[in-house]
1. Whole number please: convex hull volume per residue, Cα atoms of the range 105-179, in Å³.
2. Quick one: what does P(r) look like for the range 46-85 with 10 Å bins over all Cα pairs, in whole %?
3. What percentages make up the Cα-Cα pair-distance distribution of the range 213-356 when the bins are 10 Å wide from 0?
4. What is the log10 of I(q)/I(0) for the range 4-269, computed with the Debye formula using one identical point scatterer on each Cα and no solvent, at q = 0.08, 0.12 Å⁻¹?
5. Any chance you could get the radius of gyration and Dmax over the Cα atoms of the range 144-274, in Å?
6. Suppose we keep just the alpha-carbon trace of the range 324-463; what are its Rg and Dmax in angstrom?
7. With equal scatterers on the alpha carbons only and no solvent term, can you work out the Debye log10 of I(q)/I(0) for the range 1-76 at 0.11, 0.14, 0.15 1/Å?
8. How big is the Kirkwood radius of the chain, worked out from every pair of different alpha carbons and given in Å to one decimal?
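Values quoted throughout were computed directly from the atomic coordinates according to the rules given, and no laboratory measurement underlies them. Predicted, not measured: the structure shown is a model, and the values here were computed from it.
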Ligand code: AMP
Ligand code: ZN
């Protein structure tokens, strides 16, 4: 089954064909590094990682570019408010540069903890100011730029199909004027370059042909994607919130300067929510991040497993109960995998069913169902191992790298514990109780929990 992907531009699932044979260029909007990423942000990067792994499984060589927004993202997407970095600096008392470095490092650590494949290129907005200035120059030449007191703006009225990606109702927006226009000509116009206010010394600012200041948020992605992937590449990704403003503006800029709509496929991950309505927002200051899970003894890869249980184009409502269930399922999968011997061959019938689901617009929930059917099948254990191993290239659960935590339980105690586990499986409760008492006299206390029995040493109490 050939790969088909949902494209937000055409609003259809269509067959994927790369622009250059055998190669795929993929650009993913990265984090704004004024704070930690929350697990909602991470859901979007997980979806992009599964997409990349799927492309690789289909035989493509993938060039994957992820940007780091370390300047220019204002607190309001309507070009108002403060730069998030400078605001972060006021919050913590650290310099905007130190904050950017700190949260970039934290983000990369989260990236690795979730077993996301390393991008071919990480690119920082502040390392590409020259490229952004040159891009704005091209837009100016092409007649799309006007100047106000506070910056340079893109005139969206010059493009008939501005906002097509979002199916934007421009007239309705203009008439409604829910957002204040300021000196902008049209409600959808957006900043390309903002001047530093004359009375304020910004921490992040640069000279430009138009005056000292800093770039708008959208221009970084048009400029950096063109640099690393060209002006027409295969797939551009981000969260669903980017459709209406950020990606519409990236397209407008690239179309004006280079005559392309930037990417052949536009793909968007849907939000992680805390309850059915509330989105998880970084700016609210109260959010769950990967370390919050780790401090509750949840493996980051259990969160990865949880994300695989929902299709990327449906909302996923987060709950601790769902995360616990994901942890249990992952533990079971690891235990099975570990118990099987090496040396088998992949089962082609199962592999074909797994691939059919993955290639149908990344239907991972159905692919996971195939995984569990495989686990419960009566195929030889070595075949199970080889087949699951090959699936994990897409799932990214790191099954091969996982090692059980080595316990310091001595061999004879371990043997009694195993015997007791077997008695429990056989529902021989009297034997299980007898063995618990024996273990107690040997200085080991046994508790029964959801994940089986847990033994702790109580030698001190006995002494
Ligand atoms: P930011 O760091 O705010 O620029 O966002 C980084 C990425 O996370 C973007 O692709 C957003 O679209 C995405 N995102 C933001 N909030 C959520 C959420 N609650 N669920 C999933 N993705 C999100
Ligand atoms: Zn972007």
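1. Details: hull volume 15.7 nm³, N = 75.
Spread over its residues, the Cα hull of the range 105-179 gives 209 Å³ apiece.
2. 26, 28, 22, 22, 3
3. For the range 213-356, the binned pair fractions read 9, 26, 25, 25, 12, 2, 0 percent.
4. -0.31, -0.72
5. Looking at the range 144-274, its Cα Rg and Dmax stand at 15.6, 46 Å.
6. Reported Rg and Dmax, both Å: 19.1, 63.
7. For the requested q values the scattering log ratios are -0.37, -0.58, -0.66.
8. Details: mean 1/r = 0.0401 Å⁻¹.
Kirkwood hydrodynamic radius for the chain: 24.9 Å.
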